[in-house]
Structures are given as C-alpha cells and as structure tokens.
Amino acid sequence: MQVAASLCAQHIELLCLKRVERAMKRLVVAVLLAVVPGLAAAEVRNAPTNYERFRLWNDCSPVYLLVESLQDDAAKIGLTRDRIETLTRSRLRAARIYTDEIGAYLYVNINVVGSSYDIKIY
C-alpha cells in the first residue's frame, strides 16, 4: 500500500513538474514575442532614412583620383595601375563624385609583396 501511495505521489509530482515546465515554456515564448518586435522597431528607428541616404551622396564634393605606382609583384597577381584607375574612376563616376580637376582627391596606394597585398585609401 505504501509503495502504491509512493508511486502515486511520484506520478503526481512528475505531472506537476511537466505542467510547470510547459507553463515556463509558454512564458518564455510570450516574453520573446513581446520583446523581439520592440528590438526590430529599435533597429528600424536607428536605420538611416531615405533623406539621409540622399544627403550622403549630395553632400559629397567631386574628387580627383590619384593611384600610386605599383611594385613589380603586382603584375604577378593580375593588378595593374591602369586597371585600378579604370575600376575606381568608374565607381566614382557612378556615384557622381569624380572630377578631372585637381583639388580634393582620393588617394589609392596598394602595396604588394609576393601574393599578399595591402590597400590604403585616403
């Protein structure tokens, strides 16, 4: 009899623990559902507006492009000064911030040693 009562008590305790576990899972889900939209809204509030994106490109003055000479190792990995100038100038023109007039400039310096390289843009 005592064994049966003990088993019954253990069974009831397990059922209670399972109910508590399910309740905790529901609580965690409810908290996540309440918090996550707020986090997403905070990210949206901090995201740049279309006006700010427009100002980024409009407030930029056109720049001249100056590419430094390359080391001999650059040719071994397929880099040429002409190719770098052409690609960079194309990107600047696409953004409408390139000029042929010397004034403010974008300075590109690429150091190549073997097959390793370092790019510096000022």
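The values are calculated or read from the model by the stated rules, or taken from the named source; none is laboratory data. Just so it is clear, the structure is predicted and the values come from calculations on it, not from any experiment. Glycine also receives a Cβ, built like all others from the backbone with ideal geometry; neighbour counts cover every protein chain displayed.
Couple of notes before you dig in:
- Subset of the stretch 90-114 [more than 16 Å from Glu68 (Cβ to Cβ) and assigned to a loop (DSSP other than H, G, I, E, B)]: Ala95, Arg96, Ile97, Thr99, Asp100, Glu101, Gly103, Ala104, Gly114
- Members of the stretch 43-89 that are part of a loop (DSSP other than H, G, I, E, B), surrounded by fewer than 10 Cβ atoms within 10 Å (Cβ to Cβ) and at pLDDT below 85: Ala47, Thr49, Asp59, Ser61
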